[in-house]
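The values are calculated or read from the model by the stated rules, or taken from the named source; none is laboratory data. Predicted model, so just to flag it, every value in this text is computed and none were measured. Cβ sites come from the backbone with ideal geometry, for glycine too, and all protein chains shown count toward neighbours. Side chains included, ligands, DNA and RNA excluded: accessible areas come from the protein's heavy atoms. Shrake-Rupley method; radii C 1.70, N 1.55, O 1.52, S 1.80 Å.
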Amino acid sequence: QVQLVESGGGLVQAGGSLRLSCAASGNILSIVRTGSMAWFRQAPEKERELVAEIGHEDSTAYARSVEGRFTISRSNSKTTLYLQMISLKPEATALYYCAARRTFATPYEYWGQGTQVTVSS
């Protein structure tokens, strides 16, 4: 099993910055070797959306709405995932989830409990 615990959310004014963290523990070897990790978010009354993901070879991909402002990365040990967010907009307000999967061929299968990000205008 894999456990994911997010932190770093909070209230910030528009234009501000936040860095989210996700600590991964448990059987993460397959995730590190062949899978990927990602940040999703879900705003009230909206579908959950993929914000950014990073593959086992450190390739990254971003939602168009955040490209150039958000950066996904992880620690050298690959046990902590980060999402650096700058120039935040009110529409970024959402519950942000960390997720992981063992291969690119499967949906994301491990999820954290989420951390709330609120951007005031």
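Against the condition closer than 18 Å to residue 105 by Cα and either open to solvent by 30 Å² or more (accessible area, probe 1.4 Å) or over 12 Å from the mean Cα position of the chain (by Cα) (or both), how does residue 59 come out, does it pass? It is true that residue 59 is closer than 18 Å to residue 105 by Cα and either open to solvent by 30 Å² or more (accessible area, probe 1.4 Å) or over 12 Å from the mean Cα position of the chain (by Cα) (or both).
If you go through the range 64-121 and keep only what is within 23 Å of residue 13 (Cα to Cα) and of a type in the set (Ser, Thr, Tyr), you end up with 65, 71, 82, 87, 93, 96, 97, 115, 118, 120, 121. Scanning the range 29-53 for residues that are more than 20 Å from residue 75 (Cβ to Cβ) and among the small types (Gly, Ala, Ser) gives a single hit, 43.
Has the range 89-111 got at least one residue that is touching a residue at least 60 places away in the same chain (Cβ under 8 Å), in contact with a Pro (Cβ under 8 Å, 6 or more places away or on another chain) and either open to solvent by 50 Å² or more (accessible area, probe 1.4 Å) or assigned to a strand (DSSP E or B) (or both)? Yes, the conditions are met somewhere in the range 89-111.
Taking the options 38, 14, 23, 61, name whichever one is free of Cβ contacts under 8 Å to residues at least 40 places away in the same chain, in contact with a strand residue (DSSP E or B) (Cβ under 7 Å, 6 or more places away or on another chain) and not acidic (Asp, Glu). One residue alone meets the criteria, 61.
Looking at this structure, is residue 83 buried (at least 17 other Cβ atoms within 10 Å of the Cβ), more than 22 Å from residue 1 (Cα to Cα) and in contact with a Gly (Cβ under 6 Å, 6 or more places away or on another chain)? No, not satisfied. Here is a check on your reading of the model: is residue 64 within 14 Å of residue 31 (Cα to Cα) and among the charged types (D, E, K, R)? No, not satisfied.
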